[in-house]
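Let me begin by presenting the structure, written as structure tokens, before commenting on it.
The values are calculated or read from the model by the stated rules, or taken from the named source; none is laboratory data. Note that this is a predicted model, so its numbers are computed, not measured. Cβ: placed from backbone, ideal geometry, glycine included. Neighbour counts: every protein chain shown.
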Amino acid sequence: MSSGSEVVGFPEPVQISVSRSRGLTIQWRDGHRSEYPLRYLRDRCPCATCSQTRSGADPSPFPMFQPALRLINAEPVGRYALRLQWSDGHNTGIYSWEYLRSICPCQECSGRTD
Ligand SMILES: [Zn+2]
Ligand SMILES: [Zn+2]
């Protein structure tokens, strides 16, 4: 109220919906809604293994050869993050709320340039 500056609050979800075949939907406290397709989430897995793979090698040139990816489980880690477990056994990616909000694929969040 004193200044018009932007409030930098920690992003916090009020509702999380998990679809094993489609992905994750998060309703944020500030009213924003984010929908993350499975592949989008997996491509941005923040764990060390995936980060190394991404920086070291090109993505697979044969996307059709990849088995259908499924989300098995999404469990909260403390009060700040979500751990995703995938159908291929991968479960070391811990997605903090802050990270999830930063990669929100919606037009409003991702389409600001141009
Ligand atoms: Zn990973
Ligand atoms: Zn968004």
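Here are the numbers for this structure:
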| item | result |
| --- | --- |
| Residue pairs meeting the criteria (Cβ under 9 Å; at least 6 apart or on separate chains; first among the basic types (Lys, Arg), in the stretch 93-104; second within 13 Å of ligand 2 (Cβ to nearest atom) and in a strand (DSSP E or B)) | Arg101/Pro13; Arg101/Ile26; Arg101/Trp28; Arg101/Ser34 |
| Criterion (of a type outside the set (A, V, I, L, M, F, W, C) and modelled with pLDDT under 90) met by exactly one of Pro105, Pro11, Pro46, Pro37 | Pro11 |
| Residues satisfying the stated conditions in the stretch 54-83, i.e. over 25 Å from Cys109 (Cβ atoms) and modelled with pLDDT under 90 | Gly56, Ala57, Asp58, Ser60, Pro61, Phe62, Met64, Phe65, Gln66, Pro67, Ala68 |
| Evaluation of Ser51 against (1) within 10 Å of ligand 1 (Cβ to nearest atom); (2) at pLDDT 90 or above (one fails), failing number | (2) |
| Contacts under 7 angstrom Cβ, first residue in the stretch 28-57 being farther than 13 Å from Tyr99 by Cα and in contact (Cβ under 8 Å) with a residue 40 or more places away in the chain, partner in a loop (DSSP other than H, G, I, E, B) and within 10 Å of ligand 1 (Cβ to nearest atom), 6 or more apart | Thr49/Thr92; Cys50/Gly93 |
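Here is a yes/no grid of residues against (1) small (Gly, Ala, Ser); (2) under 13 Å from the mean Cα position of the chain (by Cα); (3) away from ligand 2 (no atom under 13 Å from the Cβ):
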| residue | (1), (2), (3) |
| --- | --- |
| Arg79 | no, no, yes |
| Gly89 | yes, no, yes |
| Ile94 | no, yes, yes |
| Leu100 | no, yes, no |
| Pro105 | no, yes, no |
